[in-house]
Every structure is written in C-alpha cells, then in structure tokens.
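For reference, the structure discussed in these notes is given below.
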Amino acid sequence: MKKLFVFGIIFVFAAWLIGFCFFAYHINHYKIDTSTHTQAIVVLTGGRNRIGEAVKLLNNGLADKLFISGVEKNTSLQDISDLQNIPLPQKPILMDKKSTNTIENAIETQAWLKKNRISSIRLVTSNYHLPRSMQEFQFQNADLVIVPHPVFSENVAKKWWLKNRSFCLIASEYNKFLYVWLMRRLNIQG
C-alpha cells in the first residue's frame, strides 16, 4: 500500500510538471493576431503595459470601443492617461470599477457585452494570465468570439527557469489555471 501511495505521488507530480512545461512554453509562444477586427477590446488591469497596449490597439482600428475591467474605484480616465503617459483616443473607453479578480472581470464584462450586444472581443492581459482569463470568459459566454492578445512583461523572464520570481509567478498562475479548468469542466462557478 505504501509503494502504491508513493507511486501515486510521483505520478501526480510528474503529470503536474509535464503540464507546467507545456503551459510555460505556450504562454511564451503566442502568435499575436494584429489584423482581426473585433467589436470591442477588453483589457484586464493588474499587469504592466496592458492598458497602454489596449489603447494602441484601439488607435490602430482593431475595435471601435475599449472596456477596461478592474479599475480602482477612485481612478478616472485622465488619471490612467497621466499615470501611464497614454494619450486618450477619440473612441469610447468605458471602465468597470466593480471587479477585483479574474472571475469578476469575466462576469462584469459579460454584463456589459450583453447590454451592448457585443459578440466578439480582443482580450488583452498578461501572457501568463491569458489561459485562465480565456477559461473564465468562455465560461460566462461560450459563444463569445475571443481574439487573445498577450502582453509580455519585462518583469517576467523568458528563461523563467533561471529566475525564481518568474518561476514562482508562472507556477502560481498554472495552479490557478488548473483549478479553474477543473471547476469549469465540472460546471462549478467560483
């Protein structure tokens, strides 16, 4: 019985490690689509350069409006523009100030999408956060067309295995992704 338990632990760890290596490879090798037009761009706050990238995409005509999800309650568009040195475009920019995590981002965004009859988005977030975000957004609306748009941070090393901070960040995000993936397969919210 003890040998079976040890074998089970080794098997689970090996499966986790193989999945983790695939995850880490995947998040660093996205092919970025810079031509598909969507009805809106949705950017999730919380990572460096995400909002700036989303505004750039909006200015390049890849959507007609921008939805920023997870903005601090007392933050204005002008605050974001000043803080990130981003000129505000003439196209509509809307902000969600209710969301505090990825699940809430997906729920609040889906309410906005439904209200505005939007069926396609470009989802802008950090490359390591994109797989979990996609799971959450698809769970809220399986018919939503999502063009993933990763933002690569200079704070996350491409050679993540050499930097403890990058390794821990990616491993943590992989564990969160696994949890969400399993919960969504079981059709459980939360």
Contact order relative to length of the chain, as percent, for alpha carbon pairs under 8 angstrom and 6 or more apart: 22 percent
Cα-based shape type of the stretch 36-190, given that a ≥ b ≥ c are square roots of the gyration tensor eigenvalues and the cut on a/c is 1.5: oblate
The stretch 1-44: trypsin sites (Lys or Arg not before Pro) in DSSP loop, at most 14 other beta carbons within 10 Å: Lys31
Alpha-carbon centroids, the stretch 86-134 and the stretch 1-48: separation in whole Å: 21 Å
Residues in the stretch 125-144 that a label on Gln84 would reach, taking backbone N under 14 Å of a point 7 Å out along Cα→Cβ: 125-127
Gained length - Ser119 relative to Lys97, 0.36 nm times residue gap less alpha-carbon distance: 5.7 nm
Protection-proxy order for peptides 88-94, 129-135, 41-47, 150-156, each taking the mean of Cβ atoms within 10 Å per residue, highest first: 41-47, 129-135, 150-156, 88-94
In range of the label at Arg184: residues from the stretch 121-146 whose backbone nitrogen is under 12 Å from the point 7 Å along Cα→Cβ: 130-144, 146
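Every number here is computed from the coordinates shown, using simple stated rules; none is lab data. Quick caveat: nothing in here was measured; it's all calculated off a predicted structure. When we count neighbours, we look across all protein chains shown, and the Cβ atoms used for this are built from the backbone with ideal geometry, even at glycine.
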